[in-house]
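The values are calculated or read from the model by the stated rules, or taken from the named source; none is laboratory data. On a predicted model such as this, the values are computed, not experimentally measured, just so you know. Positions of Cβ are backbone-derived with ideal geometry, glycine not excepted, and every protein chain shown enters the neighbour counts.
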Amino acid sequence: MISEGKTFGGILRAYRNRANLTLTELSERTGVASGTISKIESDTLTLPNMQHIMKLAKVLDISLYTAIVPYLYNIKREATLRLLLEAVMEQKNVVLTQKVALQLLNCPKSNTFLSLDYLYQTAGTEGNEELRLALYDVISDYSREHGIPLYLARSLFQRYMIRRENLSQLDQTYVEGKELLHYTSYLHVNERILAYYKFSFHALRLGFYSDCIHLCKQGLEIDNSQSEQKAAAILAIIISYFELEDYTLGHFYLERYEMFDYPEVHKHARHIRGKLYGKTGKFDKAIPVLQECLAQQTQDDKIVIANDLLEIYIQVGEVEKIRDLFLAEASILPKNLTTPNQYNQLGLYFRTKGIFCIQKNEVDLGVDSLVESVNYYRAINEIKHADKSLSALFEFYLSQKKNLPIDILHKLSNVYNGSNHSIKQEV
């Protein structure tokens with residue numbers, strides 16, 4: 001790779017000679033006049049036609065970076081830079097895409113706002129995620145440096161919407177993405193609502209329950225719809241209040257949630273009311289409601305209700321009902337894993353099962369269940385929960401004054417080396 005500012009002529013001549021091509025032969029293969037090629041090689045042309053440069057580079061197998069960078073900062077024509085941007089994006093060259101995009105923004109003959117909008121629209125139609133992020137990064141960095149909050153907000157929003165889908169970086173994405181919250185007033189109202197709701201779901205996923213409530217309420221203040229998205233935000237508030245053990249406010253928002261006329265809301269509301277009964281010690285009301293919900297729910301969604309029932313059964317000492325749930329496992333565990341919550345609930349289910357089985361001297365099944373719990377939690381990067389399941393496993397062997405068996409060590413090694421479930425889904 002050559003350094004920026006170094007001429008391309010000598011490199012072109014070296015590649016042509018290595019290919020044993022005369023000027024005439026190279027001209028015939030590229031359609032570029034031999035005289036033009038000669039001028040490029042001798043550096044007589046300080047700014048050759050970029051289409052010629054790209055044709056020569058393609059025939060001689062010279063990287064676009066090597067061919068373009070020496071001339072890039074001398075290009076002042078917006079049309080030429082747009083043409084270059086299309087070419088380097090076709091080659092999936094992320095570094096060069098960012099360099100050309102930045103040069104387009106710095107082009108003295110271009111309108112900055114039109115260029116920003118062009119890059120923003122180009123990013124929005126690009127199918128390659130890495131290239132989209134590269135363009136949004138250029139837009140946000142330039143807008144931040146030059147005080148253009150509209151395009152800073154829009155690019156930060158789009159970048160966040162892409163990056164939040166990577167479950168292995170949820171913590172980092174949440175922290176970095178919070179810059180957007182300072183610029184939400186520059187977003188269209190629908191994007192602003194979506195930003196608040198998506199951040200609130202993200203906060204809920206990370207266990208930041210107070211943040212979740214605050215962000216949801218900001219969205220609710222400007223959301224005049226009765227959409228399913230709004231209902232989901234209220235559901236997130238309810239879950240957060242439950243986790244904070246504020247069942248009074250949880251109940252208040254449950255009544256608001258029940259006002260939405262959607263099948264999914266009806267289904268979830270009944271379950272949440274049963275859960276509320278359980279959390280407030282009304283087990284005689286909670287158990288029949290949750291049992292009814294479990295029977296009516298589709299298999300892919302039964303696991304969360306099963307976990308709520310297990311929690312209550314353990315509190316009231318219903319050992320046989322606990323066993324009955326475990327025996328019905330084949331009809332309870334989801335067949336299609338598509339959401340982080342399913343993985344989280346499976347991790348909880350197998351931890352509960354593992355601890356229960358060990359307590360009942362069903363050691364092999366209990367140990368295998370704890371390993372499976374770690375597996376599911378690790379799949380969504382829930383390190384704290386995975387460690388909790390792992391601790392339960394270690395505590396058992398410590399209590400027995402035994403070392404971990406080799407086969408269990410191998411299973412754990414597979415989990416921690418990545419031979420486990422994986423998921424990439426929207427939060």
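Values computed for the structure shown
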| quantity | calculated |
| --- | --- |
| Test: residue in segment 161-174 that is of a type in the set (Val, Ile, Thr), under 30 Å from Leu244 (Cβ atoms), under 13 Å from the mean Cα position of the chain (by Cα) and modelled with pLDDT under 95 | yes |
| Odd one out for Tyr71, checked against (1) surrounded by 13 or more Cβ atoms within 10 Å (Cβ to Cβ); (2) of a type in the set (Ser, Thr, Tyr); (3) in a loop (DSSP other than H, G, I, E, B) | (3) |
| Pair list, Cβ under 6 Å, 6 or more apart: segment 73-88 residue touching a residue at least 12 places away in the same chain (Cβ under 8 Å), other residue hydroxyl-bearing (Ser, Thr, Tyr) | Glu78/Ser110; Val88/Thr97 |
| Segment 373-388, residues that are over 16 Å from Pro405 (Cβ atoms), touching a residue at least 24 places away in the same chain (Cβ under 8 Å) and of a type outside the set (S, T, N, Q) | Tyr376, Tyr377, Arg378, Ala379, Ile380, Glu382, His385, Ala386, Lys388 |
| Residues being hydrophobic (A, V, I, L, M, F, W, C) and touching a Leu at 6+ places or on another chain (Cβ under 7 Å) - total across segment 149-185 | 6 |
| Filtered residues of segment 116-134 (kept if modelled with pLDDT under 95 and surrounded by 14 or more Cβ atoms within 10 Å (Cβ to Cβ)) | Glu126 |
| Test: residue in segment 145-152 that is over 22 Å from Gln91 (Cα atoms) and surrounded by fewer than 12 Cβ atoms within 10 Å (Cβ to Cβ) | yes |
| Residue identified as at negative phi, of a type outside the set (Lys, Arg) and in contact with a His (Cβ under 8 Å, 6 or more places away or on another chain) among Val59, Val32 | Val32 |
| Unique match (being within 15 Å of Leu346 (Cβ to Cβ) and free of Cβ contacts under 8 Å to residues at least 40 places away in the same chain) among Ala330, Ala295 | Ala330 |
| Unmet criterion (only one of (1) within 19 Å of Ala57 (Cβ to Cβ); (2) free of Cβ contacts under 8 Å to residues at least 40 places away in the same chain; (3) surrounded by fewer than 18 Cβ atoms within 10 Å (Cβ to Cβ); (4) not small (Gly, Ala, Ser)) for Lys109 | (1) |
| Selection status of Ser210, modelled with pLDDT of 95 or more, surrounded by fewer than 19 Cβ atoms within 10 Å (Cβ to Cβ) and among the small types (Gly, Ala, Ser) | yes |
| Residue among Leu365, Leu346 that is without any contact (Cβ under 8 Å) to a residue 24 or more places away in the chain, in a helix (DSSP H, G or I), out of contact with any strand residue (DSSP E or B) (no Cβ under 9 Å at 6 or more places or on another chain) and farther than 15 Å from Asn414 by Cα | Leu365 |
| Selection from segment 1-54 of residues that are at pLDDT 85 or above and not in a helix (DSSP H, G or I) | Ala19, Asn20, Leu21, Thr22, Gly31, Val32, Ala33 |
| Of residues in segment 389-410 being within 13 Å of Val371 (Cα to Cα) and outside any helix (DSSP H, G or I), the one modelled with the lowest pLDDT | Leu404 |
| Matching residues, segment 387-403, being within 38 Å of the chain's Cα centre (by Cα) and of a type in the set (Ser, Thr, Tyr) | Ser389, Ser391, Tyr397 |
| Any hit, segment 132-154, residues being closer than 22 Å to Phe199 by Cβ and among the β-branched types (Val, Ile, Thr) | yes |
| Condition met for Glu264 (assigned to a helix (DSSP H, G or I), among the acidic types (Asp, Glu) and out of contact with any helix residue (DSSP H, G or I) (no Cβ under 8 Å at 6 or more places or on another chain)) | no |
| Sole residue being more than 27 Å from Gln121 (Cβ to Cβ) and surrounded by 19 or more Cβ atoms within 10 Å (Cβ to Cβ), chosen from Leu64, Leu60 | Leu60 |
| Segment 280-306, residues that are surrounded by fewer than 19 Cβ atoms within 10 Å (Cβ to Cβ) and touching a Phe, Trp or Tyr at 6+ places or on another chain (Cβ under 8 Å) | Thr280, Phe283, Lys285 |
| Residue, nearest to the chain's Cα centre (by Cα), within segment 334-386, restricted to residues that are basic (Lys, Arg) and buried (at least 17 other Cβ atoms within 10 Å of the Cβ) | Arg378 |
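Yes/no matrix, rows are residues, columns are (1) surrounded by fewer than 22 Cβ atoms within 10 Å (Cβ to Cβ); (2) assigned to a helix (DSSP H, G or I); (3) not aliphatic (A, V, I, L, M):
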residue: Tyr136; (1), (2), (3): no, yes, yes
residue: Leu170; (1), (2), (3): yes, yes, no
residue: Leu180; (1), (2), (3): no, yes, no
residue: Arg205; (1), (2), (3): yes, yes, yes
residue: Leu235; (1), (2), (3): no, yes, no
